[in-house]
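The values are calculated or read from the model by the stated rules, or taken from the named source; none is laboratory data. Being a predicted model, the structure only gives us computed values, none of them experimental. Note: ideal-geometry Cβ built from the backbone for every residue, glycine included; neighbour counts use all protein chains shown. Heavy atoms of the whole protein, side chains included, go into the accessibility calculation; ligands, DNA and RNA do not. Shrake-Rupley method; radii C 1.70, N 1.55, O 1.52, S 1.80 Å.
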Amino acid sequence: MDFPFPVTEVVEGRARLLVPDVPRRKGPGTKGPWPFYNPTMAVNRDLSALALARWPVKPARVLDGLAATGAWGIRMGLEAGVPDLGFADLSPDAAALIRANLERNGLRGEVFHGDLRKRLSESPYDYLDIDPFGPPTPFLGHALHAARTPSGIGITATDTAPLAGTYPTACQRRYVAHPLRCEQGHEIGLRILLGYVERVAQAHGKLAKPLLAFSAEHFFRIHVLVLDGLREAGPEAGYYLRDREGVFQRVDPRVHDAIGPLWTGPLGDSGFIRSLSPSDWTSPAGARLLDALQHEADLPPFFVTTDELARRLRASPPRLGRFLDALRALGFRAERTHFHPRGVKTDAPHEDVLRAFLETAPSGPTGG
Ligand SMILES: C[S@@+](CC[C@H](N)C(=O)[O-])C[C@H]1O[C@@H](n2cnc3c(N)ncnc32)[C@H](O)[C@@H]1O
């Protein structure tokens, strides 16, 4: 088949995909007049394939809502064994490429060329993927209105700069939430996204239960199970202040500069996350991310970094492994976090965090 742009074949996971043969750089990827494909997002699709293979209500039909080359849906067919694949994209070139990619991978699927929001009102599915350019907000109302219960939704947000506090006004406008630019900014951003999705779900009389949520590369990703019901005004939507010690304190929404509203509950279902294991098609980066998420599942919100503790205590940062061991020796749980290369999530009170830090900080001028 001829396309009005050059194409090349890439192998991603178990799929062989024809994609536009255009220059690429690492990171967010550039929007162009051809269907979008970004190999950096393979880790996102890796974890989707693992999650869908173990999804609590096995999805018979998935909709790759903003499909571009069809990479996501095709991998779900090949790696998660989803039998009925649907694809939607506004672009006619994307629709043609998806059809060619289905054929190339020996799969069948229904390709809809048009606006996802229209498709959602016409066709039920068990799992919907929303992977837009930038914020997912334009699609969430339609998605949660149309969602059957139970069903799944996977949502990617690449507008991490607003969500993580670099552009607070844009975050306020899009997510009606106040972020904070700080070392924990990405966790705050992910929690703002989850909180927003939950509020939209509630507006449609549904619950969005996070099964898996993470930050990677230049994007946030959440997988929620949509259920019937209204959440009692409870502990899972809240506001925080970050005090002068860098400790997060839960506060009333009326407090000036309160961070939130954000999701304060678990970032996933630890039993579900620990049930996932890498497949033969998972990339090394995907397997490393999964391992980190499995270790930190269940630990409370937020984390400390040895950089920040070192600055505050005017000490050299200890090796992360020694700091973790010291916290564990004091009887607490402590794990590295995927949010920050020198971050530690722990259930230790702040005094014990400081004690473990000072016990392990090298006395010389440098740490490891
Ligand atoms: C970031 S790309 C999707 C990448 C793709 N999911 C992947 O895994 O490679 C976003 C896609 O959404 C499509 N799109 C944008 N607005 C849309 C809409 N309202 N309905 C359907 N498709 C849309 C664009 O044409 C583009 O192909």
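Please give the contour-minus-distance gain from residue 202 to residue 325: 0.36 nm per residue of separation, less the Cα-Cα distance, rounded to one decimal in nm.
In short, 40.1 nm is gained.
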> Which entries in 26/58; 58/206; 58/345; 31/58 show an alpha-carbon gap greater than 29 Å?
Replying inline: 26/58; 58/345; 31/58
>> Can you compute the FRET efficiency between residue 354 and residue 176 using 1/(1 + (r/R0)^6), with r the Cβ-Cβ distance and R0 = 45 Å? Round to the nearest 0.05.
In response: 0.80
> Remind me, relative contact order of the range 177-316 in percent, using alpha carbon pairs under 8 angstrom and six or more residues apart?
Replying inline: 23 percent
>> Computing the accessible area with a 1.4 Å probe over protein heavy atoms, can you report the carbon and sulfur percentage for the range 7-275?
In response: 53 percent
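Counting other C-beta atoms within 10 Å, and keeping those with at most 10, which DSSP coil GluC sites (Glu not before Pro) do you find in the range 199-298?
In loop regions of the range 199-298 (DSSP not H, G, I, E or B), the sparsely surrounded GluC sites (Glu not before Pro) are 232.
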> Along the positive direction of the dipole of the chain (beta-carbon charges: Lys, Arg +1; Asp, Glu -1; about the Cα centre), which of 137, 303, 48 reaches farthest?
Replying inline: 303
> With charges set only on the Cβ (+1 for Lys and Arg, -1 for Asp and Glu), what does the dipole of the range 7-275 come to about its Cα centre, in debye to the nearest 20?
Replying inline: 40 debye
>> Per residue, how much accessible surface does the range 50-207 expose to a 1.4 Å probe? Answer in Å², no decimals.
In response: 36 Å²
>> Which residue fluctuates most in the GNM of the chain (Cα springs below 10 Å): 79, 351, 187?
In response: 351
>> Contact order normalised by length for the range 303-368, with contacts defined as Cα pairs under 8 Å and 6 or more residues apart; what percent is it?
In response: 44 percent
> Can you pull out the trypsin sites (Lys or Arg not before Pro) in the range 295-354 that DSSP calls coil and that have at most 16 other Cβ atoms within 10 Å?
Replying inline: 314, 319, 333
>> Compute a Gaussian network model of the chain, connecting alpha carbons closer than 10 Å, and tell me which residue from 349, 253, 284 fluctuates the most.
In response: 349
> What is the list of residues in the range 74-89 whose amide nitrogen lies under 14 Å from a point 7 angstrom out from the Cα of residue 108, following Cα to Cβ?
Replying inline: 83-86
> Label-point separation (nm) for residue 316 and residue 218, each offset 7 Å from Cα along Cα-to-Cβ?
Replying inline: 3.7 nm
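Counting other Cβ atoms within 10 Å, keep those with at most 16, restrict to DSSP loop, and tell me which trypsin sites (Lys or Arg not before Pro) in the range 155-189 are left.
Filter output for the range 155-189: 181.
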>> Charges on Cβ only, +1 for Lys and Arg, -1 for Asp and Glu, centred on the Cα centroid of the chain; of 10, 200, 249, which one is farthest towards the dipole's positive end?
In response: 249
> Over what distance in Å are the Cα centres of the range 300-368 and the range 215-286 separated?
Replying inline: 22 Å
> Listed highest first by mean packing, meaning other Cβ atoms within 10 Å per residue, what order do 91-97, 277-283 come in?
Replying inline: 91-97, 277-283
> Normalised by the number of residues in the chain, what is the relative contact order in percent for Cα pairs under 8 Å and 6+ residues apart?
Replying inline: 12 percent
> Counting only complete DSSP H runs, which helices of the chain cover 24 Å or more along their long axis at the Cα atoms and score a mean Kyte-Doolittle of -1.0 or above?
Replying inline: 185-203
> Which percent of Cα pairs goes in each bin when the distances of the chain are cut into 10 angstrom slices starting at zero?
Replying inline: 5, 23, 31, 24, 12, 5, 0
